[in-house]
1. For the stretch 145-294, calculate the relative contact order in percent as a whole number, restricting contacts to Cα pairs under 8 Å that are 6 or more residues apart.
2. Would you mind working out the magnitude of the charge dipole of the stretch 238-391 relative to its Cα centre, with +1 at each Lys and Arg C-beta and -1 at each Asp and Glu C-beta, to the nearest 20 Debye?
3. Multiply the residue separation of Thr263 and Ala288 by 0.36 nm, subtract the distance between their alpha-carbon atoms, and state the gained length in nm to one decimal.
4. On a C-alpha basis, how far is the centre of the stretch 357-394 from the centre of the stretch 88-165 in Å? Whole number, if you could?
5. What list do you get for Glu204, Glu184 if you sort them by fewest beta carbons within 10 Å?
6. First measure r as the distance between the Cβ atoms of Glu60 and Ala308, then evaluate 1/(1 + (r/R0)^6) with R0 = 51 Å and state the FRET efficiency to the nearest 0.05.
7. Give, rounded to the nearest 20 debye, the magnitude of the charge dipole that the chain has about its Cα centre when Lys and Arg contribute +1 at Cβ and Asp and Glu contribute -1 at Cβ.
8. Suppose the chain between Gln159 and Leu45 were pulled fully straight at 0.36 nm per residue; how much longer would it get relative to their current alpha carbon spacing?
Amino acid sequence: VARGGHGAWLIDHEGTRLADYIMGWGALILGHAHPAVVGAAHQQLRRGPLVGLTHPAEVELARTIVEAIPSIEQVRFTASGTEACMTAVRLARAATGRTNVLTFEGCYHGHSDGLLVKRGSGLATFGLSGSAGVVPAYAAETIVVPYNNLGAVEQAVAQFGERIACAILEPVAANMGVVVPAPEFLNGLRAITARHGILLIIDEVVTGFRLTYGGAQGLVGVTPDLTVLGKIIGGGFPIGAIGGPRSIMQQLAPDGPVYHAGTFAGHPVTMVAGLATLQELKRRRPYAELEARGSHLAEALSRAARTASVSIQLNRSGSMLTLFFTDAPVHDFASAQRASKARFAHVAAVWRRHGILVPPSQWETMFLSTAHTPAMLEACVDAFAKACRTMPAP
Ligand SMILES: Cc1ncc(COP(=O)(O)O)c(C=O)c1O
């Protein structure tokens, strides 16, 4: 339980300060309570939190996103990443007249029923219900294949190609711990989907404006048909967004036949806070600095593990990283599952005793912000070295 935070510190319910590596699950790239973001939100609150019509900042935030991400001509805001992914899939189904969705095991796209699906026993099979309450018939509209496996994509397309409306994935996976795409994976997926008339949806809810000013898609050189955004673009307030070419986006209501609505979509406080965040990121361009900090932390943690003869895999992309306690590379969900949970739990507990907060699960991501200082990173490495000396059996 926590009350709030400032910079890279979280203040828990007892008022204790913790070095925060959760950072609002990646939303708070500028740290907690950044003055520009809080100031913009305050000002809008005084004017009134909700207008029930389009707010000027909604237009401005959409314009800022369009300028930053070349594959996006038009944007629609939602109140969460979940809604944005759900609506992007609906849009893809309407645009293609097809039904099935291709997903990648270990990626997370929010908690709509059709996307809470787990892989069956085959390489490319219809999915199984991924949560109590998800009707198997819904899950069976979704095909699930392993991440980083183009062979499985080829097989899915050979089996179900004409029925697949879209493929959706995280360009760098953050929800099985960090898993980076193999060099040819995203380009290969783009080529296969284009060949078969399947729309490619890149879910940049985590990676958008985190790895570059724009999307990870720019970094990896892949142009999707639709992009989903969230987290950072809301400056710490609830948000999601769908973006893409006008030809597809105009199929959304009220211009087109694909239903979408939301009382709080495009919420004025979110819009001004998101705009203040992107303006700050555009002005400051902290990406080289975040990369340097991430790389420094990763190297120091790896060195400490080596010194203690503890096998780890440190998966990282820019300011997102995950430590896996295993000697085998982690490149998909199955390999992530083989990491030692006991060792992760031990390290997380030692960190916590030293006032350092990391996501309490092996399959989440540690996030750095512009507010993390070298001294905080050093304390993180020192505590990790201590944890390595008392490491339990895997
Ligand atoms: C990649 C990805 N997509 C979608 C979502 C869902 O976003 P929200 O929690 O805003 O519904 C998340 C949430 O963590 C996410 O990481």
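1. Working: 197 pairs, mean separation 26.0, N = 150.
Once normalised by length, the contact order is 17 percent.
2. On the way: 16 positive and 10 negative charges, 73 e Å.
With only Lys, Arg, Asp and Glu charged at Cβ, the dipole is about 360 debye.
3. Numbers: separation 25, 0.36 × 25 = 9.00 nm, distance 3.80 nm.
Answer, rounded to one decimal: 5.2 nm.
4. Result: 34 Å between the Cα centres.
5. Details: Glu204 29, Glu184 11.
Lowest count first: Glu184, Glu204.
6. Numbers: r = 51 Å, r/R0 = 0.99.
So the FRET efficiency works out to roughly 0.50.
7. So the magnitude is around 560 debye.
8. Values: separation 114, 0.36 × 114 = 41.04 nm, distance 5.28 nm.
Net length gain for the segment: 35.8 nm.
Laboratory data are not the source of any read-out in this text; all were calculated from the coordinates shown. Keep in mind that this is a model prediction, so the values were computed, not measured. Counting neighbours? That spans all protein chains shown, and the Cβs are built from the backbone with ideal geometry, glycine included.
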